[in-house]
Every structure is written in structure tokens, then in C-alpha cells.
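Below you'll find the structure, written out as C-alpha cells, and then a few comments.
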Amino acid sequence: MTQTVTVKIKRYNPDTDKKPYWKDYTIELTEDKTVLDALEEIKANQDGSLTFRRSCRHAICGSCAMMVNRRNTLVCTTPLKAVVNDGGLFAAKNTVTIEPLPYLPIIKDLVVDRSAFWEQYQAVKPWLMPPDVVPEKEYRMSQEEVEAMEQAETCIMCGACYSSCPVVAGNKNYLGPHAMLKTFLRVMDPRDQVPEERLDMIANANGAFRCHQVVNCIDACPKGLNPAKAIATLGKMSLRSGRIKGERAERMKKLIADAEAASSTN
Amino acid sequence: MSDPIVHDIVIVGAGLAGSWAAMVAAREGITNIGVLSKVHPLRSHSGAAQGGIAAALNNVRPVEGTGPRGPLEQIPADGEPVDSPDLHMFDTIKGSDWLGDQDKIHVLVNDAVDILYEYEHMGCVFSRTADGRINQRRFGGHSAPRANFAADWTGHVLLHTIHEQCLKHGVNFYSEWYVLELIVEDGITRGVVAMDILTGELHTINAKAVMFATGGYGRAWKITSNATANTGDGVAVAYNAGVPLMDMEFVQFHPTGIYKHGILMSEACRGEGGYLRNGNGERFMENYAPDKMELAPRDLVSRSEQTEIDQGRGAGDDKQGIYLDLTHLGREKILQRLPQVREIAMNFLGVDIIDEPAKIQPTAHYSMGGIPTDVNGQVIRNAEGEPFTGFFAAGECACVSVHGANRLGTNSLLEASVFGRRTGYEMARFIEGGAKLHPITNPDPTKKQRERIERVMDKHNDSQAGRIAPIAEALKWNMTDNCGIFRNEEKLEKGLARIHELKGDFTKARVMDQSRRFNTDVLMALETENLLTFSEVVVAGALARTESRGAHSRTDHQKRDDTDWLKHTLAHKSENGEPVLSYKDVCIDWEKYPPQERKY
Ligand SMILES: Cc1cc2nc3c(=O)[nH]c(=O)nc-3n(C[C@H](O)[C@H](O)[C@H](O)COP(=O)(O)OP(=O)(O)OC[C@H]3O[C@@H](n4cnc5c(N)ncnc54)[C@H](O)[C@@H]3O)c2cc1C
Ligand code: FES
């Protein structure tokens, strides 16, 4: 017995369409199909104009983040059968909805424009700034130190956190969770020589102090990372180093405490 | 006609090879560098590498007396080294089945240690030993633990680090630009024709030096570990421009791709101690490589698996699978060393490798052949090694050749890094040595490509137009069935005939998407044409090579034949479009590393 699935895809080509619209496709549901396989199948057999990004097919390149049943998802590793009928109370049966990441300009169909995202990433100077004199071999570092960085090191820059963030949606100067996660990585790195400068870069109204700890980013991250906690930690570090004073410091302390409470449940 | 974009250096590809070259050339003072990539640089396939990067750092050693699969420990300060570039060299030569050029391998292994430390100083977060050094694990075909790793996301960490360095040094990236043609006039490389994918517009880029670092060509097979971008564009585009391709018949099949999907379960699974079992639960490697068992090199393990499957001892309903059993490693080790692999098995198989074995099968993985170069990335045009002026290549699309007939795991991240870096220096020297900008004399350099695109987009004349996707699909099955792990004359003849048919079908096929903007339908058509182009070279080379060596295994010629075949294949595109084969000597140190039988 084969089961069919209705795949509802939000389509939009800014050159020819006034606004985005939904289009339905029907495909067969099989055990080993991923959501990406479904998109590939539709493109190959039904509608070659359907446009999406993908590359690695196993959740490491960050190309394929989009909204499946209104959740940020890497479609390459999501089994189709896991999201059929997962669309919430009011969704039609045997249906999956696929949309581009929210809040970002749509280039075409499921492809979004991440240029602002990349600009913010570059703005925090993501590269390591080591001391002038480097050791002959490697820097010594403990496995614990490495693991503390792993939370940030394994970010694949898919943009799910960024596009789920209401602060980003409202303020294009906000650095965004991804850029601050990168900052966190460098601040935590014992090899980096400029943690203070990095804290300065993010300890302002476009950085850590703009974060409202809505913590959407935690839910959105398909890799299970916790940018909100990293941002809160950075905020806390900069407070401790005496950068922020008075009322703002008090507010920050509260935000950090809230964030820690929220993120410790994760 | 818009004016051409002009650069000193244009690099096509932003994986490890291209990014290293760009970073180094920029550091050397060349300010006008453009790097094109059809996917955002951080989406390049290098980021998908899992297991490790080879270098004889001598940080760990096997615990004495525990055998080749026993535990490892850090080497104490006063401990004897267990590894050396020489040993790395011998393993690589043996792994290559003596087809690797020994002078080139010498460079690879001697640059290795230094490049690892450079990575570390630039910020790579490697896994650590108890005393804080870079941790190492075992990998197949290496006789010492020399796979340096960051859990099982090594490639991700390396790629992000080198990309950050490129940004630091002010490299210009053209993200999501697709290169269609290498412009060569009077034997001199002058630039490329590229499409800005976002707008669909074609541009001419004029440069003093062009480098290809476009990665591998595994997408010509149905079951493959490769990213969708790995369509061998670079090799096909170079070949179309008159550059010969070398050793294209050598394609590596990795033993542990996820069943039916091909997604990789890193060799680190076996490096950390995993077992392979057939459908009857037997550890069959004892019949094929009693000493090395699962840690024999990839060609041998893949053949062993395929033999088990072909003889009816496969796993699963259709008996086409093999089990990768990690359950004895224990939860803690799996979580610390193989977290990504665990996630992959859960997503694709619904299996937690902590409790259950995963079903796998051999998968097309790595392209040993490619654009022939010297150790500094200079592309050569013939067996005499004459240079192709202004054209450079490195990484998986190049064939230096350090992997010969079979690559050892972890040697390719190393290759892309070492030769990417050397190419960066070489191009900087080339520019600083007064290289001229040779203008493009063709008044309409994008014409040919424009026509190619117009043809596949042509809505008219579609009474007999077919679709592109089925052609690509048919090609992939054809390569899997007729030019896979085991080959013979009959299959290869059939495979070649089918490719000719599909090329014919392609001339009649059309795309569905008629828009200019971000037209991935057109891109897939161009990629499919490239797949057809180089696949013909792969099969023609495999048909001619009547021996079995490394990954090229002929059931009708089962022995390695050093008398007739200890040589590299070079394929030139002829006037009528078909490949013409010639051969080039392998560089061998007959005193030190003469060919031996390859036993594990
Ligand atoms: C799943 C997997 C795991 C692996 N694990 C390991 C490992 O553990 N250790 C190891 O040593 N090796 C490993 N390898 C092999 C290794 O990752 C690759 O050989 C290596 O990363 C290749 O690097 P590269 O720079 O040559 O190419 P890539 O990283 O593939 O980059 C190619 C670049 O070229 C660009 N490009 C291609 N065509 C065009 C075009 N037409 N126009 C514009 N741009 C173009 C792409 O956008 C990309 O930027 C693995 C490979 C796979 C598939
Ligand atoms: S395709 Fe790479 S993350 Fe999904």
C-alpha cells in the first residue's frame, strides 16, 4: 500500500510574481525519503522551476535550512515521514508545508538572501587573533577547554537562529545570534589575545544588550546549540569586567539570570 | 557587452585547496584576487570531511602489546617517536598501489606536520590528548596513528578556519558564481566565463593566473558520499579547453556509506575500533586482510564487502547491505569521538549506533584522477611536463599524483591543504615575477556559453525535447552498474555505448525553468553535461587499462601488471570530441621504494 503526501510549497519569483503563493504537489511517501528527497523528486519530475539550496545532504554545510511545518529545519536530514501530520492541530492530513526561512528577503522560492547575515558574521572579525610569537608546535589546550568551545565551533551558519530572531526582524543593525556565537568561540579560546576587544565589539546596543532572550534561537537551531546562553555569558563577562555601569548593569544582570533559567531547561 | 572583470588571480573553488591558495597569495601581497564558488564558500564540500587529516605529529602511540587494534596512549615527553614522514610516505606509496609519484608524495608528507601546526595556530579547535596536544586516531592503511581530528567534524573546523583567514586577508569572494569555461587563446590561459547565479548573467573574467580548485566528481555515481556540488565541473571545463585529464579511471569507493543513501559514516568508525559484519554476523575481513582486518585500505575493504554481497551474504531484505557494528565501543567513546556519525545513523536509518549496528554499503567517494599538475600546482599539458601557462590546479580536482590508484583516508584534506598552500605561493611568485595580463581577443567571449544556455532553455522546437533529470539519473546508474567496484570489458563497453546514447539524448533535452534569476534547473543541465563529459573519460581509461590496480579492479584482468601498466593515463579531447589516451611514466625511487606486492 502506497501512501501519498501533499507537499505544500511556498513559491515566489520576485521578477514575475506579485507575492508569494502556495502550490501543492503530490508524491509518494516511502520509508527512506527525506524532505530534501521530496524536493528533489518534485523538481526532477514535476516542476523544474522549483528552487532551493542544498549541498552536503547530511547537516554539515548549512545550505538547506528552511521552514517545514513552520519550524526551522535542515531538510536534508529530516525524514519525510517524521513531518507528515506533524503540522499542528489545524493542518490538513497527509500534508507537509515548506517555506523559506522567515524575515529574510526571498531570492526565489525557498532560497533566501543571507547577505546581512554574512555581513554581521564578518563584522565581528571571526578569525583568531593569536599572540605574535607562536609556539613551535601546537598550543597546549585541555580537552575540557575544547569541549567548552564545541558548542560554538560546530555552528554550520545555516541562519536558522538568525531568521527566527524577532530582534533581527526588527533591527538590521543587530549582530545576531550567529555572529555572537562566533565571538563566544573566540572569547573562550585560550589562544585568542583580544577577548576584551571582542567583548567591546558585542557589549553594546547592537550586540549582547539588544538580545531580549526570547530564546527562539535555541528552538530553531537544528544542531542543538544554544546561542542565547552564549550571548548571556558574553554579556555577563563584559559586566564583570566593569564595562557596563548603573541601571544598564542591573538590567543586564536580570537578563542574564532569566536567560540562564531559560536555557538550563534545555 | 560589459567590460570584463579583471583580477591578478582568479581562483575557482573555495574549499580547502582554493581557500589556502587565496589566503597565501593575499598574505604574500597580491591584493587583487577573486575567488569564485558555486556554493557559498562555507558550504564547500571540504566542510563535510569527518575523520581526520594525516600528519606524523607523534602525539600518541599504540599501547604496547595490545596489537594493531588495541588502545592508544599519549607519547610521554621522553618517549620514542612511533611515526615519521618516511613511514607516512611508505604507507602512501603502498596505498597508491605504486601508481603515486614518489617525488610528489615526498612533498606531501614533508609539508604535513608544518601545515597541521599552521592550522592549529590559525585557530582550529582539534580534539586533545590528556596533556593538551592534538589528538590522533588510527585510519585504514596507515601503520601509525596519524589521523589528527576534531571529533568527527574535522573538515568543518578546517574549512571555517581557513575561510576566516581569507576574510582577514581581504580576499574577494564571488559567492554563488558558476564557472562554465576556461578561456585559452594561443595556448595561454586568460580567464574564465562565469555566471552570476543570482541574476543568471554571464561575465568574462580576465586574469593573469587562473586556478581550479573545484573538488571531486563523485556525483556521476548513483550511490555516493559526495555533496550535490561535486559534479566535476572543473575537470570537464579544463578538458574542454584542451587540458589533458590524468588517471580518471581511479575512483575510490568508500566501504561505509549509509545504506541506499551513500551518506558517509566516517572511516573513523573503524579507526576507533568498529567491526564489519556480513548478513550472517561474521567479521568477514578476516578472510581478506587477516592482519589489518577492518583497517585495511578502502579499495580492499570495499571489494571485500562487495564480494560478500555478490556471494549472497549481504544483510537486509535485499541482501545488499553490510553491518557496521560499533556497539562494543561504548556510549562514552561514541559520544565523544563520533557524535556526528551517530546523528547521521539516527536520521537516515533510525538506528542508535550505541545500541545497534548500522546498515551500510560501499559508496562512490573520492576522485583520484584529475587535472595533472606539478608540486606547485602548475598544470602540465603533456607527458613531458610542459606547463600550461597561467593555469594552476590543486585539491581533489587535480592529480598531482599523490594518491595513485587508491587514496588513504585523511590524505586528501592534507593534499588539498598542502598543494593549495603551495599553489598560492607559486601564483604569487608568478604574478610578482612580472606575469602579463593577456587580454582576451575574442570580441564576444561569452557567446559560446550563452548559446549553450539558450539551447537548453529553448521553449520552441520542443516536440521531441526530453528532460534533463532522467539523463542524469540514467548516467548515474550506468556508472554504478558498469564502472563501479568490479569492472570488465563487457560492462565497460556497454557503459561507454550508453554514455554516447545519453550524450545524444542531451542534445535534445530542455529545462523547465524559463527564468533568469537563480535558475538551478539550468545549472543542473550544465552540470549534467559535465558529468557526461568526464564520465566518458573515466570509462575509456578503465576500458584501456587491462589490469587491476588499487581502486580499478577488472574481473577479466585480476593481476596488477607492472610491465605494461605502471604508468599514468592522460586523456586529451580530440577534434571529434572523443578522448585520446596516452601515457606518462610514474616517478619511482627504484632503490628505496620499488614496487612490491600489496598485502595487508
Ligand atoms: C563525506 C566525505 C568525508 C570525507 N572525509 C575526509 C576525511 O576525513 N579526511 C580526508 O582527508 N578527506 C576526506 N574527504 C575528502 C576531502 O574532503 C576532499 O577531498 C577535499 O575536501 C577536497 O577539497 P577541495 O578544496 O579540493 O574541494 P571542495 O572542498 O570540494 O571545494 C570545491 C569548491 O569548488 C567550487 N566549485 C566547483 N565547481 C565550480 C564551478 N563550476 N564554478 C564555481 N565554483 C565551483 C565549489 O563551490 C567549492 O567551493 C571526505 C570526503 C567526503 C565526500
Ligand atoms: S544540505 Fe548541507 S545542511 Fe542540509
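Assorted remarks:
- Computed packing ranks the peptides B:149-160, B:518-529 as B:149-160, B:518-529, most packed first, by mean other Cβ atoms within 10 Å.
- Set A:19/B:508; A:8/A:182; A:229/B:333; A:81/B:319; A:108/B:436 screened for pairs whose C-alpha atoms are more than 32 Å apart: A:19/B:508; A:8/A:182; A:108/B:436
- The Rg/Rh ratio of chain B, with Rg taken over Cα atoms and Rh as the Kirkwood radius over Cα pairs, comes to 0.95.
- Comparing the full protein assembly with the isolated chain, the residues of segment B:464-505 losing at least 10 square angstrom of accessible surface (1.4 Å probe) are B:467, B:469.
- Taking every Cα-Cα distance in chain A and sorting them into 10 Å bins from zero, the calculated P(r) comes out as 7, 27, 30, 20, 12, 4, 0 percent.
- Heavy-atom accessible surface that B and A bury in contact, both chains counted, 1.4 Å, Å² to 100: 5300 Å²
- Debye intensity ratio I(q)/I(0), log10, segment B:368-430, q values 0.25, 0.27, 0.29 Å⁻¹ (C-alpha model): -1.02, -1.14, -1.25
- Stretch gain in nm, segment residue A:91-residue A:30, where the contour uses 0.36 nm per residue and the Cα spacing is subtracted: 19.9 nm
- The string of couplings for segment B:103-112 from the Karplus curve (6.51, -1.76, 1.60, θ = phi - 60°) is 5, 6, 4, 4, 5, 4, 6, 7, 7, 4 Hz, one whole number per residue in order, with x for Gly and Pro.
- Most mobile of A:63, A:55, A:164 in a GNM of chain A (Cα contacts under 10 Å): A:55
- Per-residue 3J(HN,Hα) values for segment B:591-600, derived from phi via the Karplus relation 6.51 cos²θ - 1.76 cosθ + 1.60 with θ = phi - 60°, read 6, 8, 10, x, x, 10, 5, 9, 10, 10 Hz in sequence order (x marks Gly and Pro).
- Test item: B:149-156 mean partner chain Cβ contacts at 10 Å: 3
- Taking amide H atoms as placed 1.01 Å from N in the peptide plane, the amide H of residue B:509 lies under 5 Å from those of B:466, each 5 or more residues away in sequence or on another chain.
- For residues of A:126-138, the mean tally of beta carbons on other chains within 10 Å: 5
- Separation of alpha-carbon centers, segment A:172-191 and segment A:43-84, rounded to whole Å: 27 Å
- Calculated over segment A:4-111, the projected area of the Cα convex hull averaged across directions stands at 6.7 nm².
- The mean count of C-beta atoms from other chains within 10 Å of the C-beta of residues in B:121-133, rounded to a whole number, is 6.
- Amide H contacts under 5 Å for residue B:554: B:487, B:548, B:549, restricted to partners 5 or more places along the chain or on a different chain, H placed in the peptide plane at 1.01 Å from N.
- Relative to one another, the C-alpha centroids of segment B:205-263 and segment B:503-538 are positioned 16 Å apart.
- In the context of the full set of protein chains, residues of the protein assembly as shown present 36 Å² of accessible surface per residue (probe radius 1.4 Å, heavy atoms only).
- Per-peptide average of other Cβ atoms within 10 Å, ordering B:48-59, B:273-284, A:130-141 highest first: B:48-59, B:273-284, A:130-141
- Between residue B:490 and residue B:382, the FRET efficiency from the beta-carbon distance, with R0 = 35 Å, is close to 0.60.
- The GluC sites (Glu not before Pro) of segment B:335-420 meeting both criteria, a DSSP state outside H, G, I, E and B (loop) and at most 13 other C-beta atoms within 10 angstrom of the site's C-beta, are B:384.
- When the solvent-accessible area of the protein assembly as shown is split by element, carbon and sulfur atoms take up 48 percent of it, the probe being 1.4 Å.
- Antiparallel bridge percentage (DSSP; both residues within the protein assembly as shown; nearest 5): 70 percent
- According to the Cα-based calculation, Rg over Rh for segment B:258-364 is 0.93, with Rh computed by the Kirkwood formula.
- Straight-line reach from residue B:476: taking Cα to Cα under 17 Å and skipping same-chain neighbours fewer than 8 places apart, the aspartates and glutamates in range are A:37, A:40, A:41, B:233, B:249, B:493, B:501, B:505, B:527, B:529, B:536.
- Residues of segment B:513-539 buried by at least 30 Å² on assembly (accessible area, 1.4 Å probe, chain alone as reference): B:513, B:517, B:518, B:520, B:524
- Amide H to amide H, with H built 1.01 Å from N, residue A:29 comes under 5 Å of A:3, A:4, A:5, counting only residues 5 or more places away or on other chains.
- The calculated 222 nm mean residue ellipticity attributable to helices in chain A amounts to -11000 deg cm²/dmol, summing -39500 (n - 2.57) over DSSP H runs of n ≥ 4 and dividing by all residues.
- Taking the C-alpha atoms only, the angle from helix B:154-168 to the longest principal axis of chain B is near 40 degrees.
- Loop-located GluC sites (Glu not before Pro) in segment B:20-100 (DSSP state other than H, G, I, E, B) with a sparse environment of at most 14 neighbouring Cβ atoms within 10 Å: B:64.
- Karplus-derived 3J(HN,Hα) values for segment A:123-129, using 6.51 cos²θ - 1.76 cosθ + 1.60 with θ = phi - 60°, are 5, 8, 6, x, 7, 5, 10 Hz; glycine and proline are entered as x.
- At the listed q of 0.20, 0.25 Å⁻¹, the Debye profile of segment B:413-505, built from one uniform point per Cα, gives log10 I(q)/I(0) equal to -0.94, -1.18.
- Within chain B, helix-based [θ] at 222 nm, where runs of 4 or more DSSP H residues each add -39,500 (n - 2.57), nearest 500: -10500 deg cm²/dmol
- Cα-based values for the protein assembly as shown, radius of gyration first and Dmax second, are 26.1, 84 Å.
- Helix B:447-457 axis, angle to chain B major axis (alpha carbon atoms, nearest 10°): 70 degrees
- With Cα atoms defining each centre, segment B:93-125 and segment B:305-373 are spaced 27 Å apart in the structure.
- Candidates A:206, A:72, A:85, ranked by Gaussian network fluctuation over chain A, Cα under 10 Å, top entry: A:85
- Cα-based helix-to-principal-axis angle, B:489-508 vs chain B, degrees rounded to 10: 40 degrees
- Label sites at residue A:200 and residue B:591, each approximated as a point 7 angstrom past Cα along Cα to Cβ, lie 6.0 nm apart.
The values are calculated or read from the model by the stated rules, or taken from the named source; none is laboratory data. Every value quoted in this text rests on a predicted model; they were computed, and no experiment measured them. Don't worry about glycine lacking a Cβ; one is built from the backbone with ideal geometry, like all the others, and counts go over all protein chains shown. The accessibility values were calculated without ligands, DNA or RNA, using every heavy atom of the protein model including side chains. Shrake-Rupley method; radii C 1.70, N 1.55, O 1.52, S 1.80 Å.
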